[in-house]
1. Which net charge results for the neighbourhood of A75, defined as the other residues with beta-carbon distances under 12 angstrom from its beta-carbon, given Lys and Arg at +1 and Asp and Glu at -1?
2. Under 14 Å from a point placed 7 Å out from the Cα of E3 along the Cα-to-Cβ direction: which residues of the range 34-56 have their backbone N that close?
3. Return the distance in nm (one decimal) between the two label points of a simple spin-label model at E78 and R11, each offset 7 Å from Cα along Cα→Cβ.
4. From the helices alone, meaning DSSP H stretches of at least four residues, give me the mean residue ellipticity at 222 nm for the chain, per-run term -39500 (n - 2.57), in deg cm²/dmol to the nearest 500.
5. When ranked by the protection proxy of mean other Cβ atoms within 10 Å per residue, highest first, what sequence do the peptides 43-50, 63-70, 8-15 form?
6. To the nearest 10 degrees, how steep is helix 62-79 against the longest Cα principal axis of the chain, on a 0 to 90 scale?
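Coordinate-derived values only; no laboratory data. Just so it is clear, the structure is predicted and the values come from calculations on it, not from any experiment. Note that each Cβ is placed from the backbone with ideal geometry, even for glycine, and that neighbours are counted across all protein chains shown.
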Amino acid sequence: MLENHTEHLIREVLSENKQMYPSCNWAKWEDDVIQTVLNKMPPKYFLSTSDDAERLAYKYDKRLRMDALIKITEAVSEICVEE
């Protein structure tokens, strides 16, 4: 099974930072925000021979996490409009 590790990264960063966006109706818009960010970031797949250290290094890369947070903020401002 293919696993896009960028999606895991985005979901984790979003989960850690949702409180920064109290006006967003997450029940309604969370999937749209995630999909928007996924479309703006390159996917990342690992070979079956890759070890856990390589996956963890990707997951905790500060530059990638900051890029994800910036793109999440942009997506929230586009999608989570006041209703």
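1. -3
2. 44-56
3. It works out to 2.2 nm between the two label points.
4. -21000 deg cm²/dmol
5. Top of the packing list down: 8-15, 63-70, 43-50.
6. The two axes meet at around 30 degrees.
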